[in-house]
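In what follows, a single structure is set out as structure tokens and then discussed.
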Amino acid sequence: MAQNKKKEKMDRREMWKEIKRQKFLMIVSFFMVAYGIVFYYWPLTGWLMAFQNYKPKKGLLGSKFVGLDKFRFLFEDAVFIKVIRNTFAMGLINLVTTTIMAVLFAIILNEVRRAWLKKPIQTISYLPHFLSWIVVTGILHDSLSATGIINDILLRFGIIKQAINFFAFPKYFWPIVAFANCWKETGWNAIIYLAAITAIDPSLYEAAAIDGADRLQKIKYITLPGIKPTFLILLLMNVGNVLNAGFEVQYLLGNGLVQSVSQTIDIYVLKWGISQNDYSLGTAAGLFKSAVSILLIVMANALAKRYSEQRLF
Amino acid sequence: MNENKEYKVSKPISDKVFSVVVFVFLLVFVIITLYPVINTVALSFNDGIDAVRGKIYLWPRKFSLKNYKTVFAMQNIWVGAKVTVGRTVLATLTSLFANALLAFVVSRKRFLFKSQLSLFWVITMYVNGGMIPVFLLYRNLGLTGTFHVYWIPGMISAFNMLVMRTYMEGIPESLEESAQLDGAGYFTIFKDIISPLCKPVYATVALFIAVWQWNSWFDAMLYNRMKTQYTTLQYELMKLLSSVMQQSGSAENAKNGAATITPVTIRSAATVATMLPIVMLYPFLQRYFVTGLTIGGVKE
């Protein structure tokens, strides 16, 4: 008994010594937490605005609470319903197309054995990632313009008789956005897949070669299963981002004629919240987006937990 | 790598077909990636009126430097360039330091609040207030309408911190312990022992931050729209480009032919000018972002 008490006392003294020794870590942590509270956690209190008729003069505490009125307005607004559809559709299309392109590019590049060929291609593939969306949409716009390369090719091969104004028709908008995302990020997204392929045990390929497998079979039975864990983890991480991927391209490429398919939740928030100064409505739309995103992450995580060992948390 | 040679005799025909498919795919990929960029460069060096006729591909038809002269005569471009360089340098330095310090703290195995502090930051990756609450916060803090809005709010990012944490966790603990026996405090360990070993991951994160800063335009538009002295290069480019983009939705650019120098060549010149620094730089930093992305992406 007595010894235990003594030990406890020792422990406590050790503990204090340890705390003293960690003083620097504690001080840094304090400032980091303070910074995090101000810039990341404090804005969460702003969510209250979604349930208020927020007036900047009255502040968060003085403004009148209106319950779910703002949400009711949102879901009765035919535009917002379209906006939700657009955000989901483009988010999903982009996720699927960019993932397929990245995996495809990684696998095909991995089949190139000569370094002098592989290296430059890889370097080129990263280039678009370093360009801003302003530059990318500008370049894309020129390529698709009446005198641009796409119309030029289509005219030359007689596929069309007159140049198409691609940005005037809603049917072209989603494919254009998907293409823009693939063009910009394929090489970059492939980096992780290439790393995963490199990590596959080479003896597997050797064994397959002895068994007479051709390259396509090796890809199917060794490479693809080898990158499956990476694929699943990235898919998990990106599912939560599906709704976040809808702002810059759509904002920069959209115009009056394609509004019905180009507007996303973020653009809607910007329009109502910032331009019209209806902070409450903007916040409500943003809150809806956040809630759905979190739901998606939780669902994806639960699904992954059920079907394999891959999990985010 | 050499096994192909060994089995050359028994190489199936399907493999030869496959090689052709690989080659064609990569060729098309490279063309699609490079062509629009090269075309933009060609246009930027072409005479404005001549460019209206179209059909300029990889090389200017009627060479001219007028577009660049016009772009560099724009006052806003120079203001934007100054602000962009300033924010990129300042934010890269401060943000790198802050993220590294935080990563150092949460990667100390004996630190008492290690897991709590980690969780506190990981949460910020998934939950955020959204555009409006953040906008109002910056306004209340007096950050809108100032240069500081470019570097203070985004100083710490959980993603960058986690990339560095993963790297630091791979450094043997014994190094820290022996330094402590010599009487070194944690700051000394951070400065003299961990940081020199972390140069590769610091370079990675610095590149991520710098590219992000260089390419930002939305913050300039949202927070500093009225303050022309804090405009950025990308935002100025956006203003140049968007006037044309809006037209394609309506009357088409029929009127443009009348101008001495059509917008497309000037836009191209401005585009090339803004993308040039990064395009020149990134090939040399390749190994850094490749390793950085690999540790950060797969482990977390």
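Values quoted throughout were computed directly from the atomic coordinates according to the rules given, and no laboratory measurement underlies them. Since the model is a prediction, treat every value here as computed from it, not as a measurement. Neighbour counts are summed over all protein chains in view; Cβ atoms, including those assigned to glycine, are modelled from backbone coordinates with ideal geometry.
The table for this structure:
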read-out	value
In sequence order, calculated HN-Hα J values of the range A:101-109 (Karplus, 6.51, -1.76, 1.60; Hz; x Gly/Pro)	4, 5, 5, 4, 5, 4, 5, 5, 5
Neighbourhood net charge (13 Å Cβ-Cβ; Lys/Arg +1, Asp/Glu -1) for B:P60	+3
For residues of A:60-69, the mean tally of beta carbons on other chains within 10 Å	0
Most mobile listed residue (B:F97, B:F120, B:F63) in chain B, GNM with C-alpha springs under 10 Å	B:F120
Sum of -39500 (n - 2.57) over DSSP H runs of 4+, divided by residues of chain B (222 nm, nearest 500)	-21000 deg cm²/dmol
Degrees separating the helix B:114-126 axis from the principal Cα axis of chain B, which is the longest one	20 degrees
Cut-off under 5 Å, modelled amide H: who pairs with B:N46 long-range	B:S64
Karplus-derived HN-Hα couplings along the range B:65-71 (A = 6.51, B = -1.76, C = 1.60, θ = phi - 60°), whole Hz, x at Gly and Pro	9, 4, 4, 5, 4, 4, 4
Cross-link partners of A:K55 among aspartates and glutamates (Cα-Cα below 14 Å; sequence separation of 8 or more within a chain)	A:D278
Among B:L137, A:W183, B:P196 the positive-end extreme of the charge dipole of the protein assembly as shown (Cβ point charges)	B:L137
Using alpha-carbon coordinates, inclination of helix B:263-281 to the longest axis of chain B, degrees	30 degrees
Given A:K57/A:K82; A:K118/B:K69; A:K119/A:K218; A:K70/A:K305; A:K171/A:K228, the pairs whose alpha carbons are separated by over 31 Å	A:K57/A:K82; A:K118/B:K69; A:K70/A:K305; A:K171/A:K228
Signed unit charges on C-beta, dipole axis of chain B, positive-most listed residue B:A100, B:Y186, B:I49	B:I49
Net charge over other residues, Cβ less than 13 angstrom from the Cβ of A:F51 (K, R count +1; D, E count -1)	+2
Residue exposure sequence - B:T265, A:T223 - by fewest surrounding Cβ within 10 Å	A:T223, B:T265
Nonlocal amide H pairs with A:Q52, under 5 Å, H built at 1.01 Å	A:V66
Estimated dipole of the range A:69-307 in Debye, rounded to 20 [Cβ of Lys and Arg +1, of Asp and Glu -1, Cα centre]	320 debye
Integer Hz, Karplus 6.51/-1.76/1.60 couplings in order for the range A:16-25, x for Gly and Pro	4, 4, 5, 4, 4, 5, 8, 3, 4, 4
Choice from A:E18, A:E76, A:E185 showing the highest fluctuation, given a GNM over chain A with Cα pairs closer than 10 Å	A:E18
Exposure proxy order (Cβ contacts within 10 Å, fewest to most) of A:L243, B:L34	B:L34, A:L243
Shielding by partners, peptide B:50-57 (average Cβ within 10 angstrom, other chains)	2
Highest-fluctuation residue, B:R53, B:R139, B:R87 considered, GNM on chain B with Cα pairs under 10 Å	B:R53
For A:31-42, mean number of other protein chain Cβ atoms within 10 Å	6
